[in-house]
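Just so it is clear, none of the values below were taken in a lab; they were calculated from the coordinates. Since the structure is predicted, the reported quantities are computational estimates derived from the model, not experimental observations. In this analysis, Cβ positions are derived from the backbone assuming ideal geometry, glycine residues included, and neighbour counts consider all displayed protein chains.
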Amino acid sequence: MGERGGYRRSVRAAAAALGFAALANAGPATAGAAPGGRRAFTHGDVERVTLAAFAAAHGLAVEDRAEAGLWLGRRNPTLRLMPGGRRASIRGVQVWLQHPLERVGDDWVLARVDADATLSPLLRPHRYLAGRTPGAGAPSPVFEGVPYTGARPALVVVLDPGHGGADGGASGPDGLLEKDLALDLARRTRTRLERAGLRVHLTREDDRFVDLADRPALAARLRADVFVSIHLNASDDPSAAGVETYVLSKPGFPSTNHPTGRPSPRWGADPGNAHDAANAILGFLLQRRMLGEGRARDRGLRHARFLVLRQAPCPAALVECGFLTNAGDARRLADEGARARMADAIALGILDYANEVRRARLVNW
Ligand SMILES: [Zn+2]
């Protein structure tokens, strides 16, 4: 950083002085007044930013569509938010916020952690990924899905098929077991990523039990750039279906599936929180591809404190590729062709992430 960081700060200061509030507020955790008033403030123990300030900082107009929510965009809606709720949608993919969009006085306000560590990274990934991975300065080996043939170090990916051995995970009809499907998906994903020039390791190569803590530990030993854990879902409700992707909950905020959803200081920071912005970008790109390839129901990008995510030494996500307890999902997952398409989607999500890393390094001189 050094001089360049200083130069950027001074550009922002100059922009602020000239009244270019959007430019002045660009980027994470930048202090400064929004055009119509406050940018960041605390209300009910939660740090907030006004939606107006967030929109201005990203060059987006806010349109109130009543029942359909608040739409932020230029010409087309990029981001949709539901007043009073935690559900958002970015470019058509569902994203769960850590805290509801709430009314404070005359303003709609977001939790600052949602604005800075989820929404902003998803809208401007290149600002958050430069130098994110080990071996900084070396471009990622792939560009637009085409293998990069130059002598560059390849991105290291650790795929983690869930469960194994005595731990079968979820089960479905006809003896379908989560541990077997997860391993099959991981192997197929590896084949596709290796073809694109990435280096891929699995946390287990066969049907054996691997301690949860040993899975992120392998990623640390290999100095991995990306960690993706692969699972299948189960529910007491047989109608529950579709795909969801988890990234680590932000410090102080509960997991998406927590009953009250209230923030609390008892949820401290974990090592994986060092990558909050990159986690969100990786998780979003995986979820988007899994929806596109399988036409699956979108259960969204969610937050949870799974041990493998808490201890991940690099950007990490956990994908739930469908419900073994749902007849339709189970039938699809039992089909080899459908599993091949799901593995393609996971691989493409990881390649999308690799491309964003490369783009970030080109944009951020
Ligand atoms: Zn599982």
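Brief remarks follow.
- When each of the peptides 249-262, 113-126, 60-73 is scored by the mean number of other C-beta atoms lying within 10 Å of its residues, the order from highest to lowest reads 113-126, 249-262, 60-73.
- Long-range HN-HN contacts of Ser235 with modeled amide H, under 5 Å: Thr325
- Inter-part distance where region 92-129 and region 300-365 are each reduced to a Cα centre, Å: 21
- One decimal place: the segment Asp45-Asp214 gains 57.2 nm when fully extended, by the rule 0.36 nm per residue minus the C-alpha distance.
- Extension gain from Arg266 to Arg305, taking 0.36 nm per residue of separation minus the Cα-Cα distance: 12.8 nm
- Fully extended contour minus Cα-Cα distance, from Ala166 to Glu336, at 0.36 nm per residue: 58.8 nm
- Take 282-290, 161-169 and order them by the average number of nearby Cβ atoms within 10 Å per residue, most first; the result is 282-290, 161-169.
- Förster radius 22 Å - calculated FRET efficiency between Asp206 and Asp174, Cβ distance, rounded to 0.05: 0.50
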